[in-house]
Amino acid sequence: MMTEITNLSTDLIELILSLLPIPILIRASTVCKLWHSIISSSSFSTLSNHLNQPWFFLHGIHNISSKNNQSFAFDPASNTWFLLPTPQHQHQHQHQYQSNTSFIGTNSFFFITAPNFLYTPILHPSWHPTPPLHFPRINPLLGVFHDAKDHTFSHPKFIVVGGVKFIGNLVDIEDRLDVEIYDPLLGSWDLGPPLPPDFRSGNSSSSLSSALFREKFYVFGIYSCFVSSFDLHKRVWSEVHTLRPHHGIVFSFLVACKEMLVLAGVCNFPHGSSSFVLWKVDERTMGFSQIAVMPHDLLCSLFDGDEDDKFASLKCVGLGDLIYVFNEDYHRMYPACVCEIDGESGRCVWRRVPQLPSLMNRFHKVVSFCSTVSLHSILGERQPCGLQY
């Protein structure tokens, strides 16, 4: 005996819909008022379980016209790229938005750091100014964190580390800039000690990577392999260590996964081959152990040929149980792959990421990061964000 879906209880319909991937949910929300109200409710977001995996965000910047800037997000659960709404900046922010050295993205937000500091949620773009930084800067590291008392995660704090001092369109590469932390409830920036002097030769995001892990902000030298952590409560830096698991490391990135810190990088071996390797890092001792090597055919798929500097355009970001590796060279259309780490068994599974949508513009720079995504922020009743796929 068959039953029409309209005869099912609302609870059962909600359960069925919660099993659908996001692209189908977007279409399902337009079927009827009942389905729309179910999918756009805040309770549905907690029932659905397919948003446990963080998304991979890629924002392309065009130097000549910001109208050609585009933002994309990859949902690993549905294996789908989405085109995001472009941040609608106010006229007075037009010029500084075009500056690719002051534009940063991380953990659900886009930022402009100079000459004024602005931020906007990614899925619902609307620029918000803060009071000026004590030291306006370009190419800093930036993190988003919450106090333990902020149970609703509604008052994010921002930490700005390093970068190059920006004064009247001029830069000062010599200054070691203080850490600055923004508290939205106080509406002010607090100062902390600058990066340790070991990082003096390279204190911008072009030579550093960062990871927020267990209430510490880690800074790692992509080429120097120096690492230090900033305690977000005590506001002090740890001793500087050298994190170099193999003498053949060309460059590497530090990534905060769900249960561990992971070092990911390119390593040259004596017999002439190169591999992309993942190491688990002990946060207490800074010891390490190898956990995965990218399959050779997957690594080769990220490049066209055998140029000596082909690895220079590789970038790596991650969060949760996922680590993304991609080529930021436009001529290869930003090919990417992802490694999923099983937190219990430690087993690592690699796979290719689909190509970006064909409607992509040409970019002079790309900004990449990972972030968790709330289903309610995508399909919420008040502000559907208008994802395209």
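The values are calculated or read from the model by the stated rules, or taken from the named source; none is laboratory data. Keep in mind it's a predicted model, so treat the numbers as computed, not measured. As a convention, Cβ positions derive from the backbone with ideal geometry for all residues, glycine included, and neighbour counts pool all protein chains shown. Accessible surface areas use protein heavy atoms only, side chains included; no ligands, DNA or RNA. Shrake-Rupley method; radii C 1.70, N 1.55, O 1.52, S 1.80 Å.
Inside region 201-225, residues that are modelled with pLDDT of 90 or more and part of a loop (DSSP other than H, G, I, E, B) make up a count of 6. Of everything in region 333-352 that is assigned to a loop (DSSP other than H, G, I, E, B) and more than 25 Å from H59 (Cα to Cα), the residue that is most open to solvent (accessible area, probe 1.4 Å) is E344.
Is it the case that region 237-248 has a residue that's more than 22 Å from L319 (Cα to Cα), among the polar types (S, T, N, Q) and either open to solvent by less than 30 Å² (accessible area, probe 1.4 Å) or in a loop (DSSP other than H, G, I, E, B) (or both)? Checked region 237-248: at least one residue is more than 22 Å from L319 (Cα to Cα), among the polar types (S, T, N, Q) and either open to solvent by less than 30 Å² (accessible area, probe 1.4 Å) or in a loop (DSSP other than H, G, I, E, B) (or both).
In region 344-376, which residues are more than 20 Å from the chain's Cα centre (by Cα) and modelled with pLDDT under 80?
Listed by number, the residues that qualify are E344, S345, G346, S358, L359, N361, R362.
Checked against (1) closer than 19 Å to G221 by Cβ; (2) free of Cβ contacts under 8 Å to residues at least 60 places away in the same chain, E283 passes all but condition (2). Here S228, S275, S252 are screened, and the one residue that is in a strand (DSSP E or B), closer than 20 Å to P196 by Cβ, more than 19 Å from the chain's Cα centre (by Cα) and not hydrophobic (A, V, I, L, M, F, W, C) is S228. Residue check: F153 meets all listed conditions (1) open to solvent by 20 Å² or more (accessible area, probe 1.4 Å); (2) at pLDDT below 90; (3) on the phi < 0 side of the Ramachandran plot but one, namely (3).
Within the span defined as region 328-340, one or more residues are farther than 20 Å from S289 by Cβ, at pLDDT 90 or above and among the β-branched types (V, I, T). The sole residue among D198, D190 that is at pLDDT 85 or above, charged (D, E, K, R), in contact with a strand residue (DSSP E or B) (Cβ under 8 Å, 6 or more places away or on another chain) and not in a strand (DSSP E or B) is D198. Checked against (1) of a type in the set (A, V, I, L, M); (2) modelled with pLDDT of 80 or more; (3) surrounded by 12 or more Cβ atoms within 10 Å (Cβ to Cβ), L12 passes all but a single condition, namely (3).
Taking the criterion of being surrounded by 15 or more Cβ atoms within 10 Å (Cβ to Cβ) and over 20 Å from A77 (Cα atoms), the residues of region 15-46 that qualify are W35, H36, I38, S41. Residues being modelled with pLDDT under 80, farther than 23 Å from H241 by Cβ, crowded, with 20+ Cβ neighbours inside 10 Å and assigned by the TED database to the domain that holds V255 are represented in region 160-168 by at least one member. Each residue in region 131-146 was checked for being assigned to a loop (DSSP other than H, G, I, E, B), at negative phi and surrounded by 18 or more Cβ atoms within 10 Å (Cβ to Cβ), and 4 of them qualify. Considered as a group, the residues in region 64-87 that are in contact with a strand residue (DSSP E or B) (Cβ under 9 Å, 6 or more places away or on another chain) and modelled with pLDDT under 75 include one that is nearest to C337 (Cα to Cα), and that residue is T86. For first residues located in region 295-306 and closer than 17 Å to G265 by Cβ, partners that are modelled with pLDDT of 85 or more and assigned to a loop (DSSP other than H, G, I, E, B) and lie 6+ apart or on another chain with Cβ distances below 8 Å form the pairs L302/P335.
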